[in-house]
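The block underneath contains the structure these notes are about, expressed in structure tokens.
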Amino acid sequence: MVRTTKSAPQVLSLSNNSQRMVTLIPRASWWLTLLLCAGVAGYALWVYGTMPIGVEVHPDMQAAFERNAPAVYSHIFASSIALILGPFQFSTRLRKRLPDLHRWMGRIYLLAGIFVGGLAGLYIARFAYGGLVTSVGFSALAIAWLFTGAMAYLSIRNRDVIAHRRWMIRNFSLTFAAVTLRIYLAMFFAAKVEFGVFYPLLAWLCWVPNLLVAEWLFNDRLLKRG
Ligand code: HEM
């Protein structure tokens, strides 16, 4: 009897702790995601909004950017909108409290961010630094970005919330390529690998693993939960 009454609150406090961990981990990852996205978008907006085009990229890239300035600016400014708005679309609290805001931000994310940013990205992928491997890598990313965005939109128009969530998870994992690309870039620079060697690899590495993680870690779990 005594043992039962003593152990009962312990079990209760343990489950409270683990419950707290279960909510703290996703919340911390959400803040980290927001911080990384806002950091990359903020830096891009600052550099491309205040400095001559392509000042911080390879001279060959800069020359190509100068020749195609409208497409490059459209890509960077529109994609930054997607990067900033994206994390907010996954906030359950915001979605429940302000559903209209979720809808409007979703429309801006898809139209201004993915549609404009993706089409401009597809256009500039043709002259990406590093030749065919880079061009095909970025083009495939742009097509996947546009396709998953269109599927997310069509599924919510059909009121299929589960499918909408799945497509948005896939789509945002691709938006997040802007962050992962810059993380790998810093790692390759730190390892002193030559830019011309690793850049074509980056055009694939920045998004293929993201999509796999989105599928296995998030969508697969969602499927099991039903
Ligand atoms: C997910 C789809 C995306 C595709 C297909 C894509 C494609 C590209 C391509 C092809 C380039 C030119 C690279 C070169 O010339 O070698 C580029 C550059 C750039 N993109 Fe994206 N991009 C995407 C997402 C984003 C996002 C979400 C941002 C948000 C900040 C972004 C910001 C930039 C910037 C700032 C550059 C110029 C290079 C630099 O200053 O680092 N892109 N992108």
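Gly86 falls short of the stated requirement of being more than 6 Å from the ligand (Cβ to nearest atom), farther than 15 Å from Ala112 by Cα and not polar (S, T, N, Q). Ile25 meets all of the listed conditions (1) modelled with pLDDT of 95 or more; (2) under 20 Å from the mean Cα position of the chain (by Cα) but one, namely (1).
Taking the stretch 43-52 only, how many residues are surrounded by fewer than 16 Cβ atoms within 10 Å (Cβ to Cβ) and within 9 Å of the ligand (Cβ to nearest atom)? Total meeting the criteria: 1. Quick check, is Ser135 within 14 Å of the ligand (Cβ to nearest atom) and of a type in the set (S, T, N, Q)? Spelling it out, Ser135 is indeed within 14 Å of the ligand (Cβ to nearest atom) and of a type in the set (S, T, N, Q). Of the helices (runs of 4 or more DSSP H) lying entirely inside the stretch 171-226, the ones with 2 or more residues being over 17 Å from Thr134 (Cβ atoms) and under 15 Å from the mean Cα position of the chain (by Cα) are found at 177-190, 208-213. Only one of the numbered conditions (1) of a type outside the set (Phe, Trp, Tyr); (2) within 14 Å of the ligand (Cβ to nearest atom); (3) touching a residue at least 40 places away in the same chain (Cβ under 8 Å) is violated by Val213, and that is (2).
Do we have any residue at all in the stretch 144-159 that's in a loop (DSSP other than H, G, I, E, B), more than 13 Å from the ligand (Cβ to nearest atom), farther than 30 Å from Val57 by Cα and over 16 Å from the mean Cα position of the chain (by Cα)?
From the stretch 144-159, those in a loop (DSSP other than H, G, I, E, B) are 158-159; that's our starting set.
The next check asks that each one be more than 13 Å from the ligand (Cβ to nearest atom); those that pass are 158-159.
Among the residues that remain, those that are also farther than 30 Å from Val57 by Cα are: 158-159.
Still in the running and over 16 Å from the mean Cα position of the chain (by Cα): 158-159.
Yes, the stretch 144-159 has at least one match.
Contact map, the stretch 129-145: residues that are among the polar types (S, T, N, Q) paired with residues that are more than 9 Å from the ligand (Cβ to nearest atom), Cβ distance under 7 Å, separation 6+ or inter-chain. Pairs shown: Thr134/Pro200.
Specify which of the listed residues (Tyr153, Tyr129, Tyr123, Tyr73) is modelled with pLDDT of 95 or more, touching an Asp or Glu at 6+ places or on another chain (Cβ under 6 Å) and not small (Gly, Ala, Ser). Show your work before the answer.
Working: Tyr153 fails: touching an Asp or Glu at 6+ places or on another chain (Cβ under 6 Å); Tyr123 fails: touching an Asp or Glu at 6+ places or on another chain (Cβ under 6 Å); Tyr73 fails: touching an Asp or Glu at 6+ places or on another chain (Cβ under 6 Å).
Being modelled with pLDDT of 95 or more, touching an Asp or Glu at 6+ places or on another chain (Cβ under 6 Å) and not small (Gly, Ala, Ser) holds for just one of Tyr153, Tyr129, Tyr123, Tyr73, which is Tyr129.
All of Arg165, Arg170, Arg182, Arg157 fail the test of being of a type outside the set (A, V, I, L, M, F, W, C), surrounded by fewer than 20 Cβ atoms within 10 Å (Cβ to Cβ), more than 21 Å from Val72 (Cα to Cα) and touching a residue at least 24 places away in the same chain (Cβ under 8 Å), apart from Arg165.
State yes or no: is Phe77 farther than 21 Å from Pro209 by Cβ and either within 8 Å of the ligand (Cβ to nearest atom) or assigned to a helix (DSSP H, G or I) (or both)? So Phe77 passes the test. Has the stretch 59-75 got at least one residue that is within 25 Å of Ile183 (Cβ to Cβ) and among the acidic types (Asp, Glu)? Within the stretch 59-75 (the criterion being within 25 Å of Ile183 (Cβ to Cβ) and among the acidic types (Asp, Glu)), the answer is yes, since at least one residue qualifies.
The values are calculated or read from the model by the stated rules, or taken from the named source; none is laboratory data. Keep in mind the model is a prediction, meaning the values are calculated, not measured. With ideal geometry, Cβ positions are generated from the backbone for all residues, glycine too; neighbour counts draw on all protein chains shown.
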